[in-house]
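These notes concern the structure reproduced below.
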Amino acid sequence: MSLPLRRTLCDTSAVVRTAAVEAAALAGHLLLYPSGLGPEPWPEWPPPPGCGHAATGRPHGPVLLLHGLFDNRAVFLPLRRSLRAHGHRHVHAVNHGPLAGDVHDAAVRFATLVVRARDAYGGERVGVVGHSLGGLIARYYVQRLGGDEHVHTVVTLGTPHQGTRSALLLPVLPSARQLLPGSPVLAALDSPAPGCGTRFLVFWGDRDPLVLPSGNGRLHHPDLLVENVRVPGAGHLELTVHPGVLARAGRALAEAVEADRPGAPGPDTLLSA
């Protein structure tokens, strides 16, 4: 068999594999979707006396989860299980309404929830995980609204940090237009962010059908502390169920709770088993 033919067969096999995993992830998510339509319970707020860090003498490390466009909190069920396995007991998924506004509006609403989480859990800074558009909302909050004061780590899954051409399919939606390469929102995020101490762990799939080109899922900014992690063969929804991604995200957030201090920018890496 010739080398070009072997390469063609390997590429075809990889595409079929990605499509099959994406279809399975989508089917599972559609089954869970109704369970995520309503808001989930939050702890009593303001917290009663004796609750939180002062009562336990150790940080809680709350984690907030932000879903993507046309989605809800149900997409994070596998991640929540993984986070609990890594010791995170205070995890809250946020349903937001990108159809009713834009990235800025969603980030402003998210800001109130971050403060609420800090107050409810003894003042500890929070970790955030965002899938797709959710990652961009979290980044906007950190960079443009002073959120780095409250957030120690942002983990993004399949977020189009450099925009995506697939947003052309939804030109009537403000939040979709802001995902286009070169949009005003992305230009604002490319502007200087001196002193931003929030760390970013960025997972991107090199076969993501919604982030086009897939490399636009990487985050490059001279002022941010970023580690980009390429997930070979992964699509868009797969990143929310990929065992390696979930485990690494959980470890990173757990370590951040203990350290909660700025690190140094890391090189691009490759997810390994």
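Taken together, the values in this text are just the output of simple stated rules run on the coordinates, not laboratory data. It should be emphasised that the depicted structure is a prediction, and the values quoted were computed from it without experimental measurement. Don't worry about glycine lacking a Cβ; one is built from the backbone with ideal geometry, like all the others, and counts go over all protein chains shown.
The simple spin-label model puts a point 7 Å past each Cα toward its Cβ; for residue 270 and residue 40 those points are separated by 3.4 nm.
Modelled spin-label separation between residue 251 and residue 119, with each label point placed 7 Å from Cα along the Cα-to-Cβ direction: 3.7 nm.
Cα centroid separation, region 113-135 to region 166-228: 20 Å. Given R0 = 22 Å, the distance between the Cβ atoms of residue 258 and residue 84 translates into a calculated FRET efficiency of 0.80.
Along its three principal directions, the equivalent ellipsoid of region 113-250 from the Cα gyration tensor extends over semi-axes of 23, 18, 14 Å, largest first.
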